[in-house]
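Below is one structure, written out as structure tokens, with a few remarks after it.
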Amino acid sequence: MLDHLRVQLCLQSIGRYVKVLVFKPITNFYNLYEFMNMISFYAEHGQGIGSRISTLQYTFPCNMATSRIDESVLYGTGGKLLEALKRLMGNLPSLERLELIDLMLDNEDAQTLLDQVCFYCCTTLKTLVLVNTTKYLCQLLHPGAFINLQVLVISPQNLGSDLLLMLSQIRLSHLHILQNRYTPIDIEPMDSFDWKHCVKTNATLKVHLRVESTRERQILWQPSSPVSSIIFKSPNMRMTAEILNKAIELYSDRLLTFGYLELPKFYQPSSFKERIDTALVKLIQVCPKLDTLMIREKISTCTLLLISYYGHSLKFLHVRRNAVILRCDWPRQNDWSDEFYQWLKKSSTSYEIVEEEIALSLGLSKWTMLNDRDFKRISPQLYSIYYK
């Protein structure tokens, strides 16, 4: 139970100095509701509380009443709790970063969610994260009203042609289209015409596709969009030749970052014919701007050498040591000289030699394969101030 007296004393003593406010998923909605209203009350009565808050993050436990097995029943924010959240957001005039995650609102509630934020933070907000704001397809227009917005993270069911047009006008720098395990699966990609018009208006826009899910989930490709990164964060999603070839087909001229995060929890074959080595090397060869690659699947040391050899723009290569097979199993290609093939075969017999050769190719003083603990810590840097 919330101790109102202690909260009151705390807010009066340090409330005016707080800069970041984070609400993690909790199911005690009464305490959450009361705490939000207390901050709003003091902010409204001119005591300076909340005046310095530049970051607000709120995550709703939308699967609170379901087991891990059954994720079909999801609950959304609403009623008094939604009113308290909107009241709080309206009392934070210095917001620069706002994150609202898994609210799962009805479409009607979503249309007025950010009214107050638009009024007070139209020029200050720089980063906006809206993950699964609604349960179903519903285009949100509020993000296009923040004229200095630099980064927008949004789920595909809340993106539409009108919003895309508005975002192109405000010169948005980074648009993240994020799917997680609660994102609806029956969604169509944006029309190619809308993307082409957006790119024509805002040539510097970078789109980032990201999938986060504990289970297998199909990525929603966006044809004709200026995608610069594709990241999968899941222990159960496989890197397949089909996905690699699709990325090449759609985004080969712009792709900068590609990879899978977290440790895999599925069987991986050791046979060269069953692995994705050839597709990975093709990705490197066909995507001239690719500078970051994260590989967790089984590949051979020979494949690693080829990736570093063909990856002329490659700067960051993250590879699991436990998944690297000490082997030269590539058949000789027609464009390889005898000297090059002999170099491949000799270098592939030692992890240490492979690491030295890759460091030389990447222009680094040292490069090493990662153990599983270090691989789990990877957080690719997509830009100077980046979304994790």
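One table, with the values for the structure above:
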item	result
The chain - mean residue ellipticity at 222 nm from DSSP helices (-39,500 (n - 2.57) per run, n ≥ 4, rounded to 500)	-9500 deg cm²/dmol
Burial ordering of Ser94, Ser361, fewest other beta-carbon atoms within 10 Å first	Ser94, Ser361
Extended-chain gain in nm, criterion 0.36 nm per residue less alpha-carbon gap, Glu356 and Thr124	78.8 nm
Shape of the range 238-280, Cα gyration tensor, a/c cut at 1.5	oblate
Length released on extending from Gln116 to Ile14, taking residue separation times 0.36 nm less the Cα-Cα span	34.2 nm
Potential lengthening between Asn371 and Asp329 on full extension [0.36 nm per residue; Cα-Cα distance subtracted]	12.8 nm
Amide H within-cut-off set for Gln57, under 5 Å, with H built and near neighbours excluded	Leu21, Val22, Phe23, Glu99
Kirkwood-based Rg to Rh ratio, the range 306-388, C-alpha trace	1.02
Most fluctuating residue given options Lys346, Lys289, Lys233, as computed from a GNM of the chain linking Cα atoms under 10 Å	Lys346
Per-selection Rg to Rh, the range 4-225 - Cα, Kirkwood hydrodynamic radius	0.99
Taking Glu212, Glu339 and counting other C-beta atoms within 10 Å, the order from fewest to most	Glu339, Glu212
Kirkwood Rh, Cα atoms: Rg over Rh of the range 121-160	0.98
Interatomic Cα distance distribution for the chain, bins of 10 angstrom, percent	5, 21, 27, 22, 15, 8, 2, 0
Distance between modelled label sites at Glu188 and Thr278, nm, 7 Å Cα→Cβ extension	3.6
Cα gyration tensor of the range 153-304 - equivalent ellipsoid semi-axes, whole Å, descending	29, 18, 12
Choice from Ile170, Ile243, Ile14 with maximal GNM fluctuation in the chain (Cα, 10 Å cutoff)	Ile14
Neighbour-count order for Glu274, Glu356, fewest beta carbons within 10 angstrom listed first	Glu274, Glu356
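Read-outs throughout are calculated quantities, based only on the coordinates presented, and are distinct from any laboratory measurement. Note that this is a predicted model, so its numbers are computed, not measured. Virtual Cβ from ideal backbone geometry, glycine too; neighbours counted across all protein chains shown.
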